[in-house]
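Comments concern the structure below.
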Amino acid sequence: NSWVQLFPTSFSPNQDGLDDVLSVEYVLPVPDYLLDVSIFNIQGVPIVQLSRGRLAGAQGTLMWKGWMDDGTVVPAGLYLLHVRAYGSSLAKPKTVTKLVGVYR
């Protein structure tokens, strides 16, 4: 089981009220991790950073509305969500990359 779950795994940020937002839920073994969460296009180009060095706590949820850093909505396609938990004095760093589908 992964420590990061996505709901839904594919979403449609078209503001029609159905699957408009991606929820990134995580559970960590200890609460003193720092968390970086970034979205990349399929070519590996950064699109948006949801968290940078944020104290994670033992669990939490981040939301992505499908927007790039400049405020425009991303085109339909596949994206990579990269989550890195690090800096814990009690546990090893953790990383995971998940595929996210954006559709219209």
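The values are calculated or read from the model by the stated rules, or taken from the named source; none is laboratory data. In this text, all values refer to a predicted model and were calculated from it rather than measured experimentally. In this analysis, Cβ positions are derived from the backbone assuming ideal geometry, glycine residues included, and neighbour counts consider all displayed protein chains. With ligands, DNA and RNA removed, areas are computed over all heavy atoms of the protein, side chains included. Shrake-Rupley method; radii C 1.70, N 1.55, O 1.52, S 1.80 Å.
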Among the residues of region 27-78, which ones are under 14 Å from the mean Cα position of the chain (by Cα), farther than 15 Å from Gln5 by Cα and hydroxyl-bearing (Ser, Thr, Tyr)? Ser51
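What are the residues in region 61-73 that are of a type in the set (Gly, Ala, Ser) and either surrounded by 12 or more Cβ atoms within 10 Å (Cβ to Cβ) or at negative phi (or both), if any?
Within region 61-73, the first condition is being of a type in the set (Gly, Ala, Ser), and the residues that meet it are 66, 71.
The one that is of a type in the set (Gly, Ala, Ser) and either surrounded by 12 or more Cβ atoms within 10 Å (Cβ to Cβ) or at negative phi (or both): Gly66.
Being exposed (fewer than 13 other Cβ atoms within 10 Å of the Cβ) and in contact with a strand residue (DSSP E or B) (Cβ under 9 Å, 6 or more places away or on another chain) narrows it down to one residue among Ala58, Ala85, Ala76; which is it?
Working: Ala85 fails: exposed (fewer than 13 other Cβ atoms within 10 Å of the Cβ); Ala76 fails: exposed (fewer than 13 other Cβ atoms within 10 Å of the Cβ).
When all the criteria are applied, what remains is Ala58.
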Tally the residues that are within 14 Å of Leu99 (Cα to Cα) and open to solvent by 40 Å² or more (accessible area, probe 1.4 Å), restricting the search to region 9-43. 5
